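For reference, the structure is listed below as structure tokens.
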């Protein structure tokens with residue numbers, strides 16, 4: 001069974017006179033442990049696809065099974081439960097709470113998941129160690145570099161131990177060196193068996209994934225496997 | 001996800017923006033402070049009224065000569081004496097009446113020890129001490145013998161003591177001294193217990209009391225058969241006061257031969273009626289103050305709502321993030337509701353402290369009576385929680401109904 005199964009998915013925005021097909025019949029399977037990059041020009045529908053994959057939005061029609069559960073008909077509370085158990089989010093602008101320590105930021109999803117205090121502390125520590133920021137637990141976001149902030153955000157996504165991480169332009173606000181840091185971290189997570197779906201419009205990022213899905217005008221234009229994903233060295237040479 | 005986690009989330013959010021939280025609570029501090037201070041002052045005024053009447057005795061009646069009406073000219077109350085000393089004696093015989101005491105008074109210049117002072121000279125019977133519930137702190141009241149022999153003895157009030165003998169005078173210095181009222185010398189035999197003020201500017205302790213027969217013989221002349229003053233009557237109990245009141249009316253109407261359709265030529269006043277009237281006015285003031293205070297609490301609540309709405313807008317991305325990582329709409333609703341309740345209640349508690357402080361200061365600087373009851377504090381804190389809930393609902397509802405996708409994109 002695939003982790004993500006999408007069949008003939010439509011998202012139609014109806015603004016009175018005009019109907020916009022943000023997604024016009026998309027089908028896609030993603031297996032557990034895959035590293036998939038979804039890319040395409042702006043307005044292609046990749047963000048809409050991302051939102052539906054992230055259970056933040058519901059499709060107008062079509063099927064979406066996540067981890068064996070039919071998502072399309074769920075209500076907001078069920079979607080919230082599914083998100084908390086299944087998906088970790090990483091955003092372009094990090095979305096860390098300001099004036100709040102790294103540890104408290106990472107702890108946040110566990111509060112909503114109802115994890116007891118002692119276990120929370122352990123899992124926060126593990127997650128921050130995983131991203132190499134164990135010594136910076138007490139630092140506030142404004143005391144961290146952009147790359148470090150994004151790693152805190154990744155720790156926050158990891159702390160609920162989800163099978164899937166959705167990253168929306170995670171390197172959009174980072175320079176090339178920290179971009180490498182973050183991408184290396186994603187590679188390690190995939191090696192650990194976590195599925196990563198990453199949305200980006202940067203071709204260099206797309207080249208690093210095993211599988212690239214190109215979306216254009218609400219349809220999947222191309223879905224190909226990279227025989228030899230580009231390693232980090234490529235950037236170092238390019239600088 | 002339990003409520004304690006939500007409370008801790010809300011508290012952390014408030015602490016993350018201390019200045020904003022403090023300014024929001026300020027509105028409530030002022031509102032609740034006003035409520036507490038106002039009701040403390042109002043309740044203090046009411047308690048003062050009660051105390052005054054308590055001191056007079058709640059089963060007391062006052063009988064006075066009424067207005068006379070002759071040839072269409074209507075005089076004011078007591079414009080012509082109508083109650084005779086025989087009436088006074090007859091009232092004393094009524095079953096429900098345990099004691100009665102006439103009080104005649106005039107203003108007089110008294111002197112002692114080379115000091116002089118203008119005060120109220122009052123003639124009464126020994127029963128007055130019982131009727132008015134007014135003992136001596138030193139010395140003794142004059143007795144029936146003093147009255148019968150028209151003895152020139154006087155019981156003086158605290159204010160007279162202070163003004164003639166000074167603050168430091170001891171009882172031994174005063175008792176037995178001679179006090180001159182006009183040219184007539186009186187021996188001071190007692191100092192009456194301090195009763196304080198009754199109503200603004202009316203000092204009950206500024207008084208010299210002498211036996212009524214002495215008063216009639218030495219001070220007042222003229223219409224000797226009429227009692228030119230007030231008769232204080234003590235009913236046997238609070239319950240028989242009304243019966244005593246009607247018995248006195250009946251007796252005086254008969255004795256004065258007043259026809260069925262004619263008005264009384266006397267007045268009988270019931271203390272509990274007067275007390276009720278006074279309390280009524282104190283209550284009106286309290287209600288007025290409470291109204292003003294309520295308005296300021298509503299203003300405080302609107303302040304909270306205002307800041308919470310701003311806060312929801314400002315924290316749209318935070319709300320989107322919380323939703324993305326698993327917060328349900330009700331978690332967001334409760335978080336913002338708790339935030340506004342906490343703000344309102346913290347404001348409430350600080351407001352109670354402020355209100356007590358202000359009331360105490362006003363009490364000591366203005367000489368007002370202050371009464372702070374636990375009820376007021378509970379009410380103030382309770383209503384601030386209510387204000388926090390009511391005015392927090394709309395912002396919290398708005399926050400919980402944000403679309404997570406839009407919220408996350410919000411710049």
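Checking each residue in the range A:39-75 for being outside any loop (DSSP other than H, G, I, E, B), in contact (Cβ under 8 Å) with a residue 24 or more places away in the chain and within 14 Å of chain B (Cβ to nearest Cβ) picks out A:46, A:47, A:48, A:49, A:50, A:52, A:53.
When the range B:1-16 is limited to residues that are at the interface with chain A (Cβ under 8 Å from one of its Cβ atoms) and in contact (Cβ under 8 Å) with a residue 12 or more places away in the chain, the one that is surrounded by the most Cβ atoms within 10 Å (Cβ to Cβ) turns out to be B:9. When the residues of the range A:89-125 are filtered to those that are in contact with a strand residue (DSSP E or B) (Cβ under 6 Å, 6 or more places away or on another chain) and either part of a helix (DSSP H, G or I) or facing chain B (nearest Cβ under 8 Å) (or both), the one that is farthest from residue A:164 (Cα to Cα) is A:91.
For the range A:1-20, what are the residues that are crowded, with 16+ Cβ neighbours inside 10 Å and either more than 14 Å from residue A:63 (Cα to Cα) or in contact with a helix residue (DSSP H, G or I) (Cβ under 6 Å, 6 or more places away or on another chain) (or both)? Passing the criteria: only A:11. Taken together, the residues in the range B:218-240 that are closer than 23 Å to residue B:274 by Cα and out of contact with any helix residue (DSSP H, G or I) (no Cβ under 7 Å at 6 or more places or on another chain) amount to 8.
Which members of the range B:133-148 meet the condition of being under 20 Å from residue B:89 (Cβ atoms) and either in contact (Cβ under 8 Å) with a residue 12 or more places away in the chain or not assigned by TED's automatic domain parsing to the domain that holds residue B:193 (or both)? Within the range B:133-148, B:142, B:143, B:144, B:146, B:147, B:148 meet the criteria.
Comparison of B:266, B:336 shows that the only residue that is more than 30 Å from residue A:87 (Cβ to Cβ) and surrounded by 20 or more Cβ atoms within 10 Å (Cβ to Cβ) is B:266. The residues listed here are B:333, B:309; of these, the one that is within 28 Å of residue B:401 (Cα to Cα), more than 16 Å from the chain's Cα centre (by Cα), at pLDDT 90 or above and within 14 Å of chain A (Cβ to nearest Cβ) is B:333. For the range B:316-330, the candidate set comprises residues that are surrounded by fewer than 21 Cβ atoms within 10 Å (Cβ to Cβ) and within 53 Å of the chain's Cα centre (by Cα); within that set, the residue that is nearest to the other protein chains (Cβ to nearest Cβ) is B:329. Condition check for residue A:79 on (1) touching a residue at least 40 places away in the same chain (Cβ under 8 Å); (2) assigned to a helix (DSSP H, G or I); (3) out of contact with any helix residue (DSSP H, G or I) (no Cβ under 7 Å at 6 or more places or on another chain): one failure, at (1).
The values are calculated or read from the model by the stated rules, or taken from the named source; none is laboratory data. What you see is a predicted model, and the numbers here were worked out from it, not measured in a lab. With ideal geometry, Cβ positions are generated from the backbone for all residues, glycine too; neighbour counts draw on all protein chains shown.
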